[in-house]
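Below is one structure; the comments refer to it alone.
The values are calculated or read from the model by the stated rules, or taken from the named source; none is laboratory data. All values reported here derive from a predicted model rather than from experimental measurement. So basically every Cβ, Gly included, is an ideal-geometry build from the backbone, and we count neighbours across all protein chains shown.
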Amino acid sequence: MASSNASNNVRFSPESYPPFPTDLPTAPIEKISLRKLLEKDDEEANRLFVACQKHGFFYLNVRDHPEGEALQTGALQMARLAEETFQLPLDEKRKHHQAYNGSIYGYKSAGAQKTDAQGTPDTVEFMSIAKDFVVNDAPSPNQNPSTIVENKEILKPFVTKAHETGVFLLTLVGTKLGLVEEEVKNRHRIDQQSGSQLRLTRSPPLDKTRDPESQIATTSHTDLGSITILFNWLGGLQMWEPEHPDGSKFWSASRLSQKGRWTYVEPVPGYAIVNLGDAMTKFSNGVLNSGKHRVLPAPGEQGDFVRYSVAYFVRPEDDTVLKVLEAAGIPQWEGEKEPEKTFGQHVLDFGRAKYGKDLVKIFQEKNKAVVA
């Protein structure tokens, strides 16, 4: 049983977390071996490709190879850094708010976004840290608090390893589409400017007097970039499991129906949770699936604890054109093609639409800042 004071436990302590409940529907996603992929096991690569077509989600075993173990160890360090960062006074965190720097980097406070038409606020706070700041020493005006700036020597190995792992997975998937390895790699080079980022998140324990659906941490969405590598130690992440109108399972990303259900993506020790993003759906013309997901408070006794997560988002380089790529396994457009734009412009448009106006409005309403 969870301890009686668990609701007051804000510390990141995965060794003390109770098990995930056994009576909840869980997502039927594959467990993929990083070791087998690194050993060029073609059967495992095929399983990876099918998982990316069907769900756009899979578990990645990070304890069966030293490369994975390094990633897992780094994720634990990142979670402890998240704990330290979110313990900063709110006024200090607000100095680095996205509303100040006008970007998708920096701090986002709980309640800054709405989760439904009734205006129910979200419950998650997060810190988004630019890959280019960590790895390439790019300027980050007012984006990062001291806990981040002073720990770049810890951040850099993890960001580098996560980025390399993400690109490795993308390359394997790309070759199954008929793309040459360099076509994938040259759109995701770590030393080139991009929107790739590390995100540290914190959401509060479950308020058991309220419906969990009214305590959504992150509302329903698909990820913006190419691939996301996530570490979380408590439940709460849910994947949308769609169905065909006739009731059969139907997984094609370009033909999803609205019918389906939310299922939990159970946290499994020794595994990262990986999902594809919208860029890969675009590049593949719908062959690959950017799975829809959301985050609720952790269920059962796990809900007594503050929930931390560590996510790394691999995104295309800023000057990469978002378009359907040409390969044997990618169907091509018939007729007039869609307008094309760079991923950098896409990120700017996304940030302004999703964060900018809402965050500025919230800050003005609360008289916490005057934002030009």
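Of the conditions (1) over 22 Å from the mean Cα position of the chain (by Cα); (2) assigned to a helix (DSSP H, G or I); (3) more than 30 Å from Pro242 (Cβ to Cβ), Phe133 satisfies every one except a single condition; which number is it?
(1)
Table: residues versus (1) crowded, with 22+ Cβ neighbours inside 10 Å; (2) over 21 Å from the mean Cα position of the chain (by Cα); (3) under 18 Å from Ala217 (Cα atoms).
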position	(1), (2), (3)
Phe58	yes, no, no
Asn61	no, no, no
Asp64	no, yes, no
Leu88	no, yes, no
Gly102	no, no, no
Tyr105	yes, no, no
Lys108	yes, no, yes
Thr120	no, yes, yes
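Would you check which residues across the stretch 161-185 are surrounded by fewer than 19 Cβ atoms within 10 Å (Cβ to Cβ), of a type outside the set (Phe, Trp, Tyr) and part of a helix (DSSP H, G or I) and list them?
Result: Glu164, Thr171, Thr175, Glu181, Glu182, Glu183, Lys185.
Take the residues in the stretch 49-58 that are assigned to a helix (DSSP H, G or I) and in contact with a helix residue (DSSP H, G or I) (Cβ under 6 Å, 6 or more places away or on another chain); name whichever of them is farthest from Glu266 (Cα to Cα).
Out of the qualifying residues, it is Phe49.
Cβ-Cβ distance below 8 Å, separation of 6 or more or different chains: which pairs start in the stretch 201-213 with a residue that is farther than 25 Å from Leu230 by Cα and end on one that is modelled with pLDDT of 90 or more and surrounded by 15 or more Cβ atoms within 10 Å (Cβ to Cβ)?
Lys208/Gly303
Considering the stretch 13-35 alone, what residues qualify as being within 17 Å of Gly270 (Cα to Cα) and in a loop (DSSP other than H, G, I, E, B)?
Ser13, Tyr17, Pro18, Pro19, Phe20, Ile29, Glu30
Among the numbered criteria (1) outside any loop (DSSP other than H, G, I, E, B); (2) in contact (Cβ under 8 Å) with a residue 60 or more places away in the chain; (3) not polar (S, T, N, Q), which one does His188 miss?
Among (1) outside any loop (DSSP other than H, G, I, E, B); (2) in contact (Cβ under 8 Å) with a residue 60 or more places away in the chain; (3) not polar (S, T, N, Q), His188 violates only (1).
Whether any residue in the stretch 324-341 is on the phi > 0 side of the Ramachandran plot, of a type outside the set (Phe, Trp, Tyr) and free of Cβ contacts under 8 Å to residues at least 40 places away in the same chain is what I want to check.
Yes, because at least one residue in the stretch 324-341 is on the phi > 0 side of the Ramachandran plot, of a type outside the set (Phe, Trp, Tyr) and free of Cβ contacts under 8 Å to residues at least 40 places away in the same chain.
Does Glu153 count as acidic (Asp, Glu) and under 29 Å from Asp349 (Cα atoms)?
Taking the combined requirement at face value, the residue does not satisfy it.
Does Ile216 qualify as being in a loop (DSSP other than H, G, I, E, B) and either modelled with pLDDT of 95 or more or of a type in the set (Lys, Arg) (or both)?
The answer is no for Ile216.
One residue is enough: does the stretch 132-144 have a residue meeting the conditions hydroxyl-bearing (Ser, Thr, Tyr), surrounded by 15 or more Cβ atoms within 10 Å (Cβ to Cβ) and modelled with pLDDT of 95 or more?
No, the stretch 132-144 has no match at all.
Scan the stretch 191-203 residue by residue and report those that are crowded, with 21+ Cβ neighbours inside 10 Å and assigned to a loop (DSSP other than H, G, I, E, B).
Matches in the stretch 191-203: Gly195, Ser196.
Identify the single condition in (1) surrounded by 13 or more Cβ atoms within 10 Å (Cβ to Cβ); (2) outside any helix (DSSP H, G or I); (3) of a type in the set (A, V, I, L, M, F, W, C); (4) modelled with pLDDT under 50 that Ile362 does not satisfy, given that it satisfies every other one.
Ile362 satisfies every listed condition except (2).
So that you can scan it fast, the table gives a plain yes or no per residue for (1) within 27 Å of Leu88 (Cα to Cα); (2) of a type in the set (S, T, N, Q); (3) at pLDDT 95 or above:
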| residue | (1), (2), (3) |
| --- | --- |
| Ser13 | yes, yes, no |
| Thr26 | no, yes, yes |
| Leu38 | no, no, yes |
| Glu43 | no, no, yes |
| Leu48 | no, no, yes |
| Lys54 | no, no, no |
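Can you name the residue in the stretch 316-341 that is within 21 Å of the chain's Cα centre (by Cα) and part of a loop (DSSP other than H, G, I, E, B) and, of all such residues, is farthest from Thr171 (Cα to Cα)?
Ranking the qualifying residues of the stretch 316-341, first place goes to Asp318.
Looking at the stretch 230-315, what strands (runs of 3 or more DSSP E) fall wholly within it and have at least 2 residues that are at pLDDT 95 or above and surrounded by 20 or more Cβ atoms within 10 Å (Cβ to Cβ)?
Strands (runs of 3 or more DSSP E) meeting the threshold: 237-242, 271-276, 293-295, 307-314.
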